[in-house]
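Participant: Below: one structure in structure tokens.
The values are calculated or read from the model by the stated rules, or taken from the named source; none is laboratory data. This is a predicted model, so every value here is computed, not measured. Counting neighbours? That spans all protein chains shown, and the Cβs are built from the backbone with ideal geometry, glycine included. With ligands, DNA and RNA removed, areas are computed over all heavy atoms of the protein, side chains included. Shrake-Rupley method; radii C 1.70, N 1.55, O 1.52, S 1.80 Å.
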Amino acid sequence: MNVEPLDADRIGWVGGIESLTLDGKRYFFGFDYSSDLVLSPLIDDQAPMAAYAAKYMTQVDGAHDEAYWSELVADAAECSSLAEPEDCDFLSSELSAGRTTYHLRYLLGAASSWDTGLFEDDEVVAALKRLGLDHDEDWDSVDSCMELTDPDAQLVVARYFAALSDTLQGNWRTVFAPLIDR
């Protein structure tokens, strides 16, 4: 299985392995903890994830072979350096209803390279101002809107999901289609 990198500029970056499950299916991905960026597509098998990491990722001490990465992939199935294990499990039914978690929104931001186009939308900026929330590329404001039922908050949330449709890289958009295409 040949998996292509998300971005040619991220080849050789230092990163670790993380995982999540969607409807009980485990997906692995590379993650750069220092930049809060996703480094790989979602890969649903341990061996191809290890092969991907050996080819496109490094550790602080340099490049490593597939056997080395296989151990990190196996560890990622059990624990995360980003969140508690229960925060890494998602259901399509919840996503289809628009229910997300802080951790998922963080991962989706990292998988979209923290694209800030949402904060250039005049209607989003105006809605955030009316809500008294920071409108200057502050993702916490979007998180706050997730908890509100106000029409302005709902506009921000709808535009956020629409923006993800355009900015998510690789197969992240496909895998999380139940959330984005609802």
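Participant: Report, to the nearest 10°, how far helix 66-76 tilts away from the longest principal axis of the Cα atoms in the chain, using its own Cα long axis and a range of 0 to 90°.
Facilitator: That works out to roughly 40 degrees.
Participant: Out of all DSSP beta bridges in the chain, what portion is antiparallel? Express it as a percent rounded to 5.
Facilitator: Within the chain, antiparallel bridges account for around 75 percent of the total.
Participant: Using only Cα atoms and rounding to the nearest 10 degrees, what angle (0 to 90) does helix 151-167 make with the longest principal axis of the chain?
Facilitator: Roughly 30 degrees, rounded to the nearest 10.
Participant: Could you tell me the convex hull volume per residue, in Å³, taken over the Cα atoms of region 64-145?
Facilitator: 134 Å³
Participant: Sticking with this structure for a sec: Working out 0.36 nm times the residue gap between residue 129 and residue 2, then minus their Cα-Cα distance, what length gain in nm do you get to one decimal?
Facilitator: Taking residue 129 through residue 2 to full extension adds about 41.1 nm, to one decimal.
Participant: Might you report the magnitude of the Cβ-based charge dipole of the chain about its Cα centre, with Lys and Arg at +1 and Asp and Glu at -1, to the nearest 20 debye?
Facilitator: It comes to approximately 460 debye.
Participant: Using a 1.4 Å probe on the protein heavy atoms, what percent of the accessible area of the chain belongs to carbon and sulfur?
Facilitator: The nonpolar share, carbon plus sulfur, comes to 47 percent.
Participant: Now, a different point. Assigning unit charges at the beta carbon (Lys, Arg +1; Asp, Glu -1) and nothing else, what dipole magnitude in debye, to the nearest 20, does region 3-49 show about its Cα centre? It would help to have the intermediate numbers written out before the result.
Facilitator: On the way: 3 positive and 9 negative charges, 27 e Å.
Roughly 120 debye for region 3-49.
Participant: Using only DSSP helix segments of four residues or longer, with each worth -39500 (n - 2.57), what per-residue ellipticity at 222 nm results for the chain after dividing by its residue count and rounding to 500?
Facilitator: Helix-only estimate at 222 nm: -12000 deg cm²/dmol.
Participant: I'd like the orientation of helix 46-56 relative to the chain: the angle between its Cα long axis and the longest Cα principal axis, in ° from 0 to 90, rounded to 10.
Facilitator: So the inclination is approximately 90 degrees.
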